[in-house]
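K.L.:
Sharing a structure, written as structure tokens. Questions coming.
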Amino acid sequence: MSKKNSPLKTIELFAGVGGFHLGLNHCNTNEQKAYEVVWSNQWEPSTKKQHASDVYRERFPETEHSNEDIAKVIEENFDVIPDHDLLVGGFPCQDYSVARTLSKADGLQGKKGVLWWSIYNIIAKKGENAPSYLMLENVDRLLKSPAKQRGRDFAIMLSSLNELGYIVEWRVINAAEYGMPQRRRRVYIMAYKKDTTIYKRIKDMANPSEWITGDGVMNKAFPMGIENPIDKPFVIKGSLADISENTIDYNPKKSPFDTVGIMIDNKVYSAKGIPCFDETKALHTIKWKTLKDVLVDDADVPDEFYLKEDMDKWKYLKGAKKEERKTSAGYTYQYSEGSMVFPDALDKASRTIVTGEGGATASRFKHVVETKKGLRRLTPIELERLNMFPDDHTNVCASTPTKRAFFMGNALVVGIVEGLGRSLSMVLQEDS
């Protein structure tokens, strides 16, 4: 594993167009290289053309890259995965996506949800050479999935990591609450193996919950208080099979996992986090940004992004409605939803980017801004800026504006990874 003062060797799974890679690269300086991404994997089973993988190869040619089903790599060609200190990845979240109702979210039993076990299998097969640290990302719905057994999926993940010898902490971070230009809530997960100084430091604490509100890795980067004291831990009981069948601790009413927490020896200390960010103490330079701050000059926006037709449909989709609808089976029901701001407010952080952001078709969820030249959709560069990617990062391999918007709907906010990366590096230096 990595020697003192040498960069943490990192692999990036489910890499997309490289958000983790960018964030960790921002932690490197001329004086010290904190992270080196030595291997990555990106595979999209539903398409023949591997657009995201092509972007990744173009932007990070120095990184050994795999464009193959990760489960197949693990089973048939495991030796190509190098030993590493840090494993990062935003593991596929389609089964937990907020774009689907909880009752239809299949969680770990879903087609892509099972890819969690690719992370588990890499760690298990590496054995003594398993990574010292994990940095993972998912939609915050993960903490209460599936609907009939809220929290069961997350309990399985925590318990499986406990079996492999890790302490795990997590917190739900909304990028906009820390000065970034997009309201994007995601759960970030950090894990520390039992032979690390961080693991030992946490184990020696009289009150482990102090780690999540004090000098812990995540709290240094994204500080939070908690709404109520943690009186006693919740215990994840039984085997993974027992957890799967447990409808007492994991039921339709409430998940046992709140927005911040830590798991030690299957004991969970969790509470609702309250952001308390001070930009003067941030680990990296933060300038509070709004949607207006990412807009390009009107002269640089192609005509295709301006709304020319279907204005009535745009207004209908964005507006409040309460109406009778029918299912495909002929069942009649009452449908209602509230109105959305139209056009989008420029003086606030933007709404969350979704994968369907691209294309000219009218949509409830696409961003629309008002300019001197009229109402228009966001350009690919503006979407990249909302996720803190470099301008034109995805403008390679003949990617269309619609495909580039899809990339950003699937991406994470780079500044979050940078903050976590800087904090982990700082804590490791303190302990060295």
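K.L.:
What dipole magnitude, in Debye to the nearest 20, does the chain give about its Cα centre under +1 on Lys/Arg Cβ and -1 on Asp/Glu Cβ?
P.N.:
1340
K.L.:
In degrees, nearest 10, range 0 to 90: what is the angle between the Cα axis of helix 401-410 and the longest Cα principal axis of the chain?
P.N.:
Around 40 degrees separate the two axes.
K.L.:
For residue 287, project a label point 7 Å along Cα to C-beta. Then give me every residue of segment 392-408 with its amide nitrogen under 19 Å of that point.
P.N.:
Of the residues in segment 392-408, 392 have backbone N under 19 Å from the label point off residue 287.
K.L.:
Quick check for you: which residues of segment 250-285 have the amide N under 16 Å from the point 7 Å beyond the Cα of residue 215 toward its beta carbon?
P.N.:
Of the residues in segment 250-285, none has backbone N under 16 Å from the label point off residue 215.
K.L.:
Here is a follow-up. Based on the Cβ-Cβ distance from residue 30 to residue 400, what FRET efficiency comes out when R0 is 30 Å, to the nearest 0.05?
P.N.:
0.20
K.L.:
Could you check which residue among 371, 379, 394 shows the biggest mean-square fluctuation in a GNM of the chain with a 10 Å Cα cutoff?
P.N.:
Result: 371 has the largest fluctuation of those listed.
K.L.:
Measure nothing but the geometry: give the 0 to 90° angle between the long axis through the Cα atoms of 152-163 and the longest principal axis through the Cα atoms of the chain, rounded to 10°.
P.N.:
So the helix axis and the longest Cα principal axis differ by about 30 degrees.
K.L.:
Also, I was wondering about something else. Any lysines with Cα under 20 Å of the residue 254 Cα? List them, leaving off those in the same chain fewer than 8 positions away.
P.N.:
Cα-Cα hits under 20 Å: 104, 144, 148, 232, 237, 267, 272.
K.L.:
Which length gain, in nm to one decimal place, applies between residue 313 and residue 46 when the Cα-Cα distance is subtracted from 0.36 nm times their residue separation?
P.N.:
Result for the pair: 93.1 nm of gain on full extension.
K.L.:
I've got another one for you. What's the FRET efficiency of residue 72 with residue 203 using the Cβ-Cβ distance as r and R₀ = 56 Å, to the nearest 0.05?
P.N.:
Details: r = 37 Å, r/R0 = 0.66.
For R0 = 56 Å, the calculated efficiency reads 0.90.
K.L.:
Just order 63-76, 231-244, 144-157, 250-263 by mean Cβ neighbour count inside 10 Å, highest at the front, would you?
P.N.:
On the way: 63-76: 16.1, 231-244: 14.2, 144-157: 23.6, 250-263: 20.8.
Top of the packing list down: 144-157, 250-263, 63-76, 231-244.
K.L.:
A further question follows. If the cut-off is 14 Å between C-alpha atoms, which aspartates and glutamates fall inside it for residue 322, apart from same-chain ones fewer than 8 positions away?
P.N.:
Candidates past the 8-residue exclusion: 337.
K.L.:
Please determine, in degrees from 0 to 90 and to the nearest 10, the orientation of helix 116-126 with respect to the longest principal axis defined by the Cα atoms of the chain, where the helix direction is its Cα long axis.
P.N.:
Computed tilt is about 30 degrees.
K.L.:
Which one of 65, 257, 10 has its Cα pushed farthest toward the positive end of the charge dipole of the chain, where Lys and Arg give +1 and Asp and Glu give -1 at the Cβ?
P.N.:
257
K.L.:
Further, regarding this structure: What percent antiparallel are the DSSP beta bridges of the chain, to the nearest 5?
P.N.:
Once the DSSP bridges in the chain are tallied, antiparallel ones form about 70 percent.
K.L.:
So which aspartates and glutamates can residue 194 reach, going by Cα to Cα under 20 Å and dropping same-chain residues fewer than 8 places off?
P.N.:
Result set, ordered by chain and number: 83, 85, 128, 163, 169, 204, 210, 215, 265, 430, 431.
K.L.:
Taking a quarter of the surface of the convex hull around the Cα atoms of the chain, what do you get in nm²? Present the calculation step by step, with values, prior to reporting the outcome.
P.N.:
Values: hull surface 91.0 nm².
So the mean shadow area of the Cα hull is 22.7 nm².
K.L.:
Considering every Cα-Cα pair within segment 317-357, what fraction, in whole percent, is farther apart than 14 Å?
P.N.:
65
K.L.:
Stretch residue 194-residue 372 to full length: gain in nm at 0.36 nm per residue minus the Cα-Cα span?
P.N.:
Full-extension gain reported as 58.3 nm.
K.L.:
If you bin every alpha carbon distance in segment 135-230 into 5 Å steps from zero, what whole percent lands in each bin?
P.N.:
For segment 135-230, the binned pair fractions read 3, 12, 19, 23, 22, 15, 6, 1 percent.
K.L.:
Within segment 342-432, list the trypsin sites (Lys or Arg not before Pro) lying in a DSSP loop whose Cβ has at most 10 other Cβ atoms in a 10 Å radius.
P.N.:
In loop regions of segment 342-432 (DSSP not H, G, I, E or B), the sparsely surrounded trypsin sites (Lys or Arg not before Pro) are 372.
K.L.:
How much length, in nm to one decimal, is gained on full extension between residue 276 and residue 361, taken as 0.36 nm per residue of separation minus their Cα-Cα distance?
P.N.:
26.6 nm
Taken together, the values in this text are just the output of simple stated rules run on the coordinates, not laboratory data. Fair warning: this is a prediction, and the values are worked out from it, not measured in the lab. Cβ sites come from the backbone with ideal geometry, for glycine too, and all protein chains shown count toward neighbours.
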